[in-house]
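Notes to accompany the following structure.
The values are calculated or read from the model by the stated rules, or taken from the named source; none is laboratory data. Since the model is a prediction, treat every value here as computed from it, not as a measurement. Cβ: placed from backbone, ideal geometry, glycine included. Neighbour counts: every protein chain shown. We work out accessible area using only protein heavy atoms, side chains counted, and drop any ligands, DNA or RNA first. Shrake-Rupley method; radii C 1.70, N 1.55, O 1.52, S 1.80 Å.
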Amino acid sequence: MSNSLVTIDMVTREALRIAHEKSQFIGTVDRQYDDSFAKTGAKIGSTLRVRKPNQYSRTTGSRVMDVQDQVEGTGSIVVATQDHVDMRFNSAELALSIDEISKRYIEPAMSVLISGIESDFIAMATKATYNTAGTAGTPPTDLVAVGAARAKLNQHLAPKDGNRFIQCDSVTMGGMVNGLKGLFQDSSQIKEQYREGMIGRTAMADWYENDRMWTLTNGSDVTGTTDAAALVTDGGSVVDMHTTVAVAVQAVGQVFTIAGVYACHPETKAAYSSLQQFTITAIGATTTTVSPTIHLTGPRKNVVSSNGATLVTTDFNSKTLTFVGAASTSYVQNLMYHKEAFQFVTADLPLMASSEKCVRRSQDGLSLRVWQDSDIRNDELLMRIDILYGMAALRPEWACRITS
């Protein structure tokens, strides 16, 4: 049967299919599609608001009632980025079948587009993740670091609902496969482990091999204390350490602990045995912005002393800082996370020109627009594939780095 000219609708559907297939990290997170833009189209800067769970404090005793206000947190995801990939075809190429067009043009184009988006998304998600497990500089070859990451997710009440995942680079995957070769696996997973060098599901998570994992390079100064006045406030995100740790050489994404500041159970507020970990999210002239936000009291309280006592702001002054890893050293940051730790949202771009030249489709939280126009001088068809998206880490406590 002779080939007919490939239509833009076929190209759009094929591009969306490939994007969906290539979305290794995006495919395992909370994907949201804002259908409020389905008719009018979204623009860069449009915002989607997402609800966070309410948190309460417990009151003991039968007579006194402590009525608490509903303070339902929200997170904003700004549709801030429009990426596209551009192609040109001549009349002869357009006469190819959709399978040939897909293999020669659409698949490599979509691979580049999705790979770049995923790389940026992984970097953003990792920098926002403050829980860290493993030994910096030592790729894991057993389940010790993975088990520690699993414990972090459990301690922060990440759901145990089958929606946990691990993304790791191929060096880590190879070491883990070799290290776990003597352990029991079910028949389907052992086949993947030996034939493909992959781990299926273990430690309550599905494993993915992904060489887009972000690499952290520590700053050149990782030794010091908080300042005599650390500037910590209840509900604040600033820690002053510039007197002993040069702000200019810090790096966004570095993880550290503060002596005497312990993590606690999100509901009971009982102290855990581990110090609360913080990640640097922004660097000012003299202060460092960190995550998580420090809550000393109330239902969002997330730090306590070693015996569970409430901390006050002066408890942060002149305290020893311990950074993960050595100065000026790079470490691959693998990730274990629950699906809802990170969010990826797309919205429909407006249709341009006549409908037969500009088509959009959405599937499983991904929306793509394909727009074409002709160049009669060169007998070519110009085509661009666009995606408008935003990304966020609204529940970073449900994720943990596995440093390598």
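Structure data summary
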item: Extension gain, SER119 back to ALA285 (0.36 nm per residue minus Cα-Cα distance, nm); result: 56.9 nm
item: Charge sum, other residues only, whose C-beta stays under 12 Å from LEU216's C-beta, Lys/Arg counted +1 and Asp/Glu -1; result: +2
item: Cut-off 12 Å between beta-carbons: net charge of the residues surrounding SER318, Lys and Arg +1, Asp and Glu -1; result: -2
item: Ranked by how many other beta carbons lie within 10 Å on average, peptides 387-399, 333-345, 222-234 from highest; result: 333-345, 387-399, 222-234
item: For peptides 164-172, 378-386, sequence by mean Cβ density within 10 Å, most packed first; result: 164-172, 378-386
item: 1.4 Å probe accessible area per residue over segment 345-404, in Å²; result: 39 Å²
item: Over segment 225-289, relative contact order from alpha-carbon pairs under 8 Å, at least 6 apart, %; result: 34 percent
item: Net charge of neighbours whose Cβ lies under 11 Å from the Cβ of ASP169, counting Lys and Arg as +1 and Asp and Glu as -1; result: -1
item: Modelled FRET efficiency - R0 56 Å, ALA270 with ASP379, Cβ distances, 0.05 increments; result: 0.15
item: Convex hull (Cα only) mean projected area of segment 322-375, reported in nm² to one decimal; result: 8.4 nm²
